[in-house]
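Data first, discussion second: the structure below is written as structure tokens.
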Amino acid sequence: MSGLSKGVGRVEVALKWEPAPSGAPSHDLDLVAGVFTADDPHGAPAQLVHFGSRSPDGTITLHRDSRTGQGFGFDEAMTVELNRLAPRYTRVVVGVAIQQGAGRLAFGDIVHVGVRVREGYTDLLVHDFADVADARSATIVEFVREGADDWSFHPLSHGFDADPQAFAALLGSVRP
């Protein structure tokens, strides 16, 4: 009966946080997605999607970007269309990096930071970064191709003491 399994197809990853206190530099968090091939599933991403970019094939799009956390609810959102990715892509890892323009800032320094991974109206993951409070960047979820068309979902909370540039190189290194 495994042929009837739909797996995970199209997901939205949404990020929220409270703005910095009045007079303090803005808190700028960014969603980052790395797409990996079967040849190098834990190395350098074949595609890297972050603020100001999207995947070349349009399957991963950051459609809401916030530099301050101001807004209602989730301030930054990314759509990942796993069901449209080419067969050579077998792993997608999504994480969050904190811009470090105003000095060292970790997840524990930011009020009400949280992420939600949702398929349709179903929450697959809700995470508050409490387990990586000292980290400046963190992976949150990975999607792995299971066979030709199915994708599985795995929470992947791992913190790094890395700025956004260094985090891009580390994104795929975590093995579940």
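The values are calculated or read from the model by the stated rules, or taken from the named source; none is laboratory data. The structure displayed is predicted, hence computed values, not measured ones. All Cβ positions, even for glycine, are placed from backbone atoms using ideal geometry, and neighbour counts span all protein chains on display. When the accessible area is computed, the model is the full protein with side chains, heavy atoms only, and any ligands, DNA or RNA have been set aside. Shrake-Rupley method; radii C 1.70, N 1.55, O 1.52, S 1.80 Å.
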Per residue solvent-accessible surface (Å²) - the chain, probe of 1.4 Å: 49
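Of ASP39, ASP131, ASP30, which has the most accessible area and how do the rest follow, probe 1.4 Å?
On the way: ASP39 150, ASP131 100, ASP30 5 Å².
The residues order as ASP39, ASP131, ASP30, largest area first.
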222 nm mean residue ellipticity, helices alone, for the chain (DSSP H n ≥ 4; -39,500 (n - 2.57); rounded to 500): -1000 deg cm²/dmol
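Within the chain, what whole-number % of the accessible surface is contributed by carbon and sulfur, with the 1.4 Å probe and all protein chains included in the calculation?
On the way: 4430 of 8640 Å².
Using a 1.4 Å probe with all protein chains present, the chain comes out at 51 percent carbon and sulfur.
Please identify the longest segment of the chain free of exposed trypsin sites (Lys or Arg not before Pro), where exposed means a DSSP state other than H, G, I, E or B and no more than 10 other Cβ atoms within 10 Å.
On the way: sites that count: LYS6, ARG104.
Maximal segment without exposed cleavage sites: 7-103.
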Average Cα contact separation per residue, segment 74-176, under 8 Å, 6 or more apart, as relative contact order %: 29
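Only loop residues by DSSP count here, and only those with at most 11 other Cβ atoms within 10 Å; note down the chymotrypsin sites (Phe, Trp or Tyr not before Pro) in segment 88-176 that meet that. Intermediate values should be presented prior to the final figure.
On the way: sites: TYR89, PHE107, TYR121, PHE129, PHE143, TRP151, PHE153, PHE160, PHE167; in loops: TYR121, PHE129.
Passing sites in segment 88-176 are TYR121.
So what is the relative contact order for the chain, in percent, with contacts set as C-alpha pairs under 8 Å and at least six apart? Show your work: numbers first, answer last.
On the way: 420 pairs, mean separation 48.3, N = 176.
Once normalised by length, the contact order is 27 percent.
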Residue among SER137, SER53, SER157 with the largest mean-square fluctuation in a Gaussian network model of the chain, springs linking Cα atoms under 10 Å: SER53
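Stick to Cα atoms and the Kirkwood definition of Rh, then tell me Rg/Rh for the chain.
Computed over Cα atoms, the ratio is 0.97.
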